[in-house]
Amino acid sequence: MEIERINDNTIKFYMSYLDIENRGFDREEIWYSRERSEQLFWQVMDEAGDQEAFDMDGPLWIQVQAMEKGLEITVTKAQLSKEEQDYQVPNEPSQIDEGLNERLEDLLDMQLGEKIRKASREKQAKQDNQARLIQHTVAFKDFEDVIQLSHQINLVDGISSELYHYHERYVLIVKFDDDVIDDHVQDNLLSIIYEYGNKEKDTIPVILEYGKVIFAENALEQTQHYFK
């Protein structure tokens, strides 16, 4: 995560989705769970307080910008007029935190309301589609192993595959359509696949974000076609 101090009253965070996952948050849950999004916010604000000595007392304005590879969060201390400074500030820290949480909650509602509804619709459609897809990630040390696999495996209907170069290895994402291929056939196919590669430890979102695309679709078919 990068923290940029704009001025005395404004600070900006640049967080990749990997930064978010490394803090124990799922990249999707921050849009669907208000509680989790607030937890993430206060966590990064604590870091800002440690690194930049940013004072969080008083009203805060928060702007969240979703980008292709992460989030940009801008936090600005509200500048109050002399009349506005006369309001009574609670003395108990818990009361201050509660007030800040309420402002953050309202702001998230305003900024993310439509985005959350849209993302929710997209997520539901994605879940409906993925409910019947069984996904596996397999790592290969050499591309030659991928070539050999492509000529040995029986590419029946219901298999889709993608290939990426990631951290000096080749990673194959294989998806089985559970409505088309039964468990017995899937197990047989996997036994062949794992003769040539090993289970990849990193998650699919990380591979998609940081891996270099070799074949975005029909990876095994294209490897078989182009590499005899």
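What follows is calculated from the coordinates using simple rules that are stated; it is not laboratory data. The structure displayed is predicted, hence computed values, not measured ones. We place every Cβ from the backbone using ideal geometry, glycine too, and count neighbours over all the protein chains shown.
How much length is gained on full extension from Glu47 to His151, taking 0.36 nm per residue of separation minus their Cα-Cα distance? Present the calculation step by step, with values, prior to reporting the outcome.
Working: separation 104, 0.36 × 104 = 37.44 nm, distance 5.15 nm.
Working it through step by step, the gained length comes to 32.3 nm.
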Phe227 long-range amide H proximity, modeled H, under 5 Å | none
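Can you pull out the GluC sites (Glu not before Pro) in region 130-217 that DSSP calls coil and that have at most 15 other Cβ atoms within 10 Å? Before the final figure, lay out the partial values.
On the way: sites: Glu144, Glu162, Glu168, Glu195, Glu200, Glu209, Glu217; in loops: Glu168, Glu195, Glu200, Glu217.
Within region 130-217, the qualifying GluC sites (Glu not before Pro) (loop, at most 15 other Cβ atoms within 10 Å) are Glu168, Glu195, Glu217.
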Assertion target for Leu190, Leu172, ordered by fewest C-beta neighbours within 10 angstrom first, is Leu190, Leu172
Note the full-extension length gain between Val185 and Ile62 as 0.36 nm times their separation in residues minus their Cα-Cα distance, in nm to one decimal.
-> 39.1 nm
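Give me the net charge of Lys141's neighbourhood, meaning all other residues with Cβ under 10 Å from the Cβ of Lys141; Lys, Arg count +1, Asp, Glu -1. Please report the intermediate quantities before stating the final value.
Working: positive: Arg169; negative: Asp142, Glu144, Asp145, Glu168.
Within the 10 Å Cβ shell, the charges total -3.
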Karplus-derived 3J(HN,Hα), 6.51/-1.76/1.60, for each residue of region 190-202, Hz, glycine and proline x = 5, 5, 5, 4, 6, 6, 10, x, 10, 4, 7, 7, 7
